[in-house]
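My questions all concern the structure below.
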Amino acid sequence: MKEFDLVIIGGGPAGYVSAIRAAQLKMKVAIVEKRATLGGTCLNVGCIPSKALLDSSEHYENALKNFSAHGISVKDVKIDVAQMVARKDKVVSEVTSGVDFLMKKNKIERFLGTASLQSATEVLVADASGKAIDTLKAKKIIIATGSVPVELPTVPVDGVTVITSDHALSLTKVPKHLIVIGAGVIGLELGSVWRRLGAKVTIVEFLPRLFPSCDRQMANLAQRLYEQQGLEFLFEHKVEKAVTSTAGSAALTAGLSDRTSTPLSDRKAVVTVKTPTGETKTLEGDVVLCAIGRKPLTEGLGLDKVGIKLTERGRIAVDFHSYQTNVPNIFAIGDVIDGPMLAHKAMEEGVAAVEVMAGQAGHVNYGAIPGIVYTHPEVAWVGMGEEELKEKGIEYKVGRSFFKPNGRAKAMMEGDGQLKLLSDKKTDRLLGAFIVGARASELIAELTLAMEFGASAEDVARTCHAHPTLSEIIKDAAENNGGWAIHQ
């Protein structure tokens, strides 16, 4: 039995970052991951591959619609989906190989297999068949197993006609009509990819709006821009069931092998939804993407065996200072605990948990964790929106600026969008920032840093921003918040 100071279950962003930080702090570390490659959902079938496809599809749409304005003439623009997917796979291979290199560099011992808790100090590693490979002895254990897509019982996933985000990253052909169940980040991003490539995309959402944690006015702006691009939304529609069939035949009841042998052009899915008025209607598409969210991956870990408590939502209960569970030497971080399921949130928790173990002052400010949607335009936010501030009775000021007048935005042909800052009416301290527009994912970092350090809107306004840059839109909004905007 091998002995370690720390055994980490899960090789995603939470797991590999905590492993590296622990090794830096002189701990003997092991990491157990069931995938052949490290990086978890994010690097393998999530954040990284989806961004690769978003980038490729944006280039394609620009070639079709925008190159001529730059004086660039192209003819017979075509999309090679196989090559696009191959490039995505290459990107994934490079980033996952990079994580593997970091494990070796930091002398972290890696175990390939599925982990389960045998006791508060022992982790069993098994192969795909369930056969035991190793038993690891650990002074401390971190559970960082991440999450998996939620599936609807009435929408059976076959991986071909009814798919999850994992499958949507590797489609071999552009669907004629893609029906997306769920208007969250995953549904919007992957819907955008295939819409740009020529698919009709209908997004069905049970809630009445986009992005419940985002400022409503800014979420509504994003929706209008998406609709102008051709995305169709059906809000407050409840999906009742989906039935897959081949053209001219009854519902498929055969196995997956029969489904995959059917040409994509012949496959259909009929989705039954209930409208806000209680009526029932059907939608027909050739691919249905179920993107209603994710759930923590805790099955098979043996939590019951060691008595680890869960929250009402089925996540592992922890002390959010130390990330310790009710079992003193077992910790949990990332998607398996409460909070937004975000890779960057998981990474911060990984560092903080290990630093607290080492007697240092780990820190995660949950009020300054950005949320980002990598559509075009991008949407990004941090902090509280107007609705939340009103609910809490906090008086606030609003500063707004627009992309259209910005010189760099004009040069980039990126005039759609705006930026909104909210600050405390009495102290001027920043409380929230919301961006809909080009490079919002990069711009939000400045405002997250400002909030982390308790900056005021005036602090941001009086910081010199290079010209011409999109970052000047931040300065303009901060000046507007103080009532003395120069350019807006």
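The values are calculated or read from the model by the stated rules, or taken from the named source; none is laboratory data. Quantities reported herein were computed from a predicted structural model and do not represent experimental measurements. Cβ placement follows ideal geometry from the backbone for every residue including glycine, while neighbour counts extend to all protein chains displayed.
Of everything in the stretch 159-200 that's among the charged types (D, E, K, R) and surrounded by 20 or more Cβ atoms within 10 Å (Cβ to Cβ), which residue is nearest to PRO49 (Cα to Cα)?
GLU189
Among residues belonging to the stretch 195-247 that are among the basic types (Lys, Arg) and in contact with a Phe, Trp or Tyr (Cβ under 8 Å, 6 or more places away or on another chain), point out the one that is nearest to VAL398 (Cα to Cα).
Among residues in the stretch 195-247 that are among the basic types (Lys, Arg) and in contact with a Phe, Trp or Tyr (Cβ under 8 Å, 6 or more places away or on another chain), the one nearest to VAL398 (Cα to Cα) is ARG209.
Evaluate the following for VAL32: is it among the aliphatic types (A, V, I, L, M), in the same structural domain as ASN329 (by TED's automatic domain parsing) and without any contact (Cβ under 8 Å) to a residue 40 or more places away in the chain?
no
Here is a follow-up. Collect the residues in the stretch 383-411 that are within 26 Å of the chain's Cα centre (by Cα) and charged (D, E, K, R), keeping them in residue-number order.
Selection gives GLU386, GLU387, GLU388.
I'd like the full set of residues that are on the phi < 0 side of the Ramachandran plot and in a loop (DSSP other than H, G, I, E, B), limited to the stretch 109-134.
Once the filter is applied, which keeps residues that are on the phi < 0 side of the Ramachandran plot and in a loop (DSSP other than H, G, I, E, B), the stretch 109-134 yields ALA120, THR121, ASP127, ALA128, SER129, LYS131.
So, one more: How about the stretch 60-76: which of its residues are part of a loop (DSSP other than H, G, I, E, B) and surrounded by 11 or more Cβ atoms within 10 Å (Cβ to Cβ)?
ASN66
Okay, moving on. Please specify each residue of the stretch 384-443 satisfying the condition of being in a loop (DSSP other than H, G, I, E, B), on the phi > 0 side of the Ramachandran plot, out of contact with any Ser or Thr (no Cβ under 6 Å at 6 or more places or on another chain) and surrounded by 16 or more Cβ atoms within 10 Å (Cβ to Cβ).
Of everything in the stretch 384-443, those that are in a loop (DSSP other than H, G, I, E, B), on the phi > 0 side of the Ramachandran plot, out of contact with any Ser or Thr (no Cβ under 6 Å at 6 or more places or on another chain) and surrounded by 16 or more Cβ atoms within 10 Å (Cβ to Cβ) turn out to be GLY417, ARG439.
If you check LEU430 against the conditions, is it among the aliphatic types (A, V, I, L, M), closer than 23 Å to HIS487 by Cα, in contact with a Gly (Cβ under 6 Å, 6 or more places away or on another chain) and not assigned by TED's automatic domain parsing to the domain that holds LEU342?
Answer is no for this residue.
Do any residues in the stretch 103-115 that are in the same structural domain as ALA22 (by TED's automatic domain parsing) have Cβ atoms under 6 Å from those of residues that are part of a loop (DSSP other than H, G, I, E, B), where the two are at least six apart or on different chains, and which pairs are they?
From residues that are in the same structural domain as ALA22 (by TED's automatic domain parsing), the pairs are GLY113/ASP127; THR114/LYS34.
Can you give me the number of residues within the stretch 12-25 that are outside any helix (DSSP H, G or I) and more than 15 Å from LEU342 (Cα to Cα)?
Number of matching residues: 1.
Every residue, every condition in (1) under 17 Å from the mean Cα position of the chain (by Cα); (2) of a type in the set (S, T, N, Q), yes or no:
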{"position": "LEU289", "(1), (2)": "yes, no"}
{"position": "LYS295", "(1), (2)": "yes, no"}
{"position": "SER322", "(1), (2)": "no, yes"}
{"position": "PRO340", "(1), (2)": "yes, no"}
{"position": "ALA353", "(1), (2)": "no, no"}
{"position": "VAL356", "(1), (2)": "no, no"}
{"position": "GLN360", "(1), (2)": "no, yes"}
{"position": "GLY371", "(1), (2)": "yes, no"}
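State whether one or more residues within the stretch 355-374 are touching a residue at least 12 places away in the same chain (Cβ under 8 Å), part of a loop (DSSP other than H, G, I, E, B) and over 26 Å from SER322 (Cβ atoms).
Yes, that holds for at least one residue.
What do you reckon, is ALA138 touching a Leu at 6+ places or on another chain (Cβ under 7 Å), surrounded by 22 or more Cβ atoms within 10 Å (Cβ to Cβ) and either part of a strand (DSSP E or B) or not assigned by TED's automatic domain parsing to the domain that holds GLU378 (or both)?
So ALA138 fits the description; yes.
Residue pairs, Cβ under 8 Å, 6 or more apart or interchain, first in the stretch 391-407 and outside the structural domain of PHE434 (by TED's automatic domain parsing) and under 15 Å from GLY432 (Cβ atoms), second surrounded by 14 or more Cβ atoms within 10 Å (Cβ to Cβ) and among the hydrophobic types (A, V, I, L, M, F, W, C). List them.
Short answer, once both residue conditions are applied: none.
Would you mind stating whether VAL7 is part of a helix (DSSP H, G or I), buried (at least 24 other Cβ atoms within 10 Å of the Cβ), in the same structural domain as SER119 (by TED's automatic domain parsing) and modelled with pLDDT of 95 or more?
When the stated conditions are applied, VAL7 does not pass them.
Moving on to the next point. Search the stretch 171-227 for residues being among the acidic types (Asp, Glu) and outside any strand (DSSP E or B), and hand back the single one that is nearest to LEU283 (Cα to Cα).
Selected residue: GLU227.
Looking only at the stretch 299-309, how many residues end up being crowded, with 21+ Cβ neighbours inside 10 Å and either in the same structural domain as LEU190 (by TED's automatic domain parsing) or assigned to a loop (DSSP other than H, G, I, E, B) (or both)?
Number of matching residues: 2.
Quick test of your reading of the structure: ALA433 fulfils all but one of (1) in contact (Cβ under 8 Å) with a residue 60 or more places away in the chain; (2) within 24 Å of LEU225 (Cα to Cα); (3) touching a strand residue (DSSP E or B) at 6+ places or on another chain (Cβ under 7 Å); (4) of a type in the set (Gly, Ala, Ser). Name the failing condition by number.
(1)
Taking the criterion of being in contact (Cβ under 8 Å) with a residue 24 or more places away in the chain, in contact with a helix residue (DSSP H, G or I) (Cβ under 9 Å, 6 or more places away or on another chain) and surrounded by fewer than 19 Cβ atoms within 10 Å (Cβ to Cβ), would at least one residue in the stretch 329-339 satisfy it?
The answer is yes; a qualifying residue exists.
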